[in-house]
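Where a number appears in this text, it was derived from the coordinates with a stated rule and is not lab data. Predicted, not measured: the structure shown is a model, and the values here were computed from it. Neighbour counts are summed over all protein chains in view; Cβ atoms, including those assigned to glycine, are modelled from backbone coordinates with ideal geometry.
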């Protein structure tokens, strides 16, 4: 297996099994407590796409329901506003620009309020002004008392 960030992310997300050793998160072994651990972890990458026939908002609702979140509409409204996605929240995902898709991936990751969040190139394909806003958002999240999470940005 390679030694770069994608293989590490894949192992930490339980997508592939490590060829040696084990992965521990929250004091638990990933191999034996996979579901419990992955409920507290999320990932965002420009290389992962969501269902293309759904709107941005519908995709966020699906994620929220899969994670068993409560107050879904409030949470979706909040993340859409914070990532400045109001203008395309009702747009079908396949019609998004690459920058809009990047923001949707970030919204999906932050929506679940994970304890550990892996971000692979979180500003890839963003216009410079939106990229700066996303970097500010990430810094704010890292400092926020509300966000008691570890952010791993690659």
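For the chain, the relative contact order comes to 25 percent (Cα pairs under 8 Å, sequence separation of at least 6). In the chain, the longest principal axis of the Cα atoms and the axis of helix 98-111 are about 60 degrees apart.
In the chain, the longest principal axis of the Cα atoms and the axis of helix 56-66 are about 30 degrees apart.
Highest GNM mean-square fluctuation among 131, 53, 107, for the chain modelled with Cα contacts below 10 Å: 53.
Note the full-extension length gain between residue 54 and residue 82 as 0.36 nm times their separation in residues minus their Cα-Cα distance, in nm to one decimal. Don't skip to the end; give the middle numbers.
On the way: separation 28, 0.36 × 28 = 10.08 nm, distance 2.10 nm.
Answer, rounded to one decimal: 8.0 nm.
In the chain, the longest principal axis of the Cα atoms and the axis of helix 72-82 are about 80 degrees apart.
Adding -39500 (n - 2.57) for every DSSP H run of four residues or longer, then dividing by how many residues the chain holds, sets the calculated 222 nm ellipticity at -12500 deg cm²/dmol.
Consider the candidate values (1) 57, 35, 26; (2) 41, 40, 29; (3) 46, 34, 33; state which one is Cα extents along the principal axes in Å computed from the structure displayed. So the structure-derived entry is (3). In this rough spin-label picture, where each label sits 7 Å from Cα along the Cβ direction, the residue 29-residue 136 distance is 4.7 nm.
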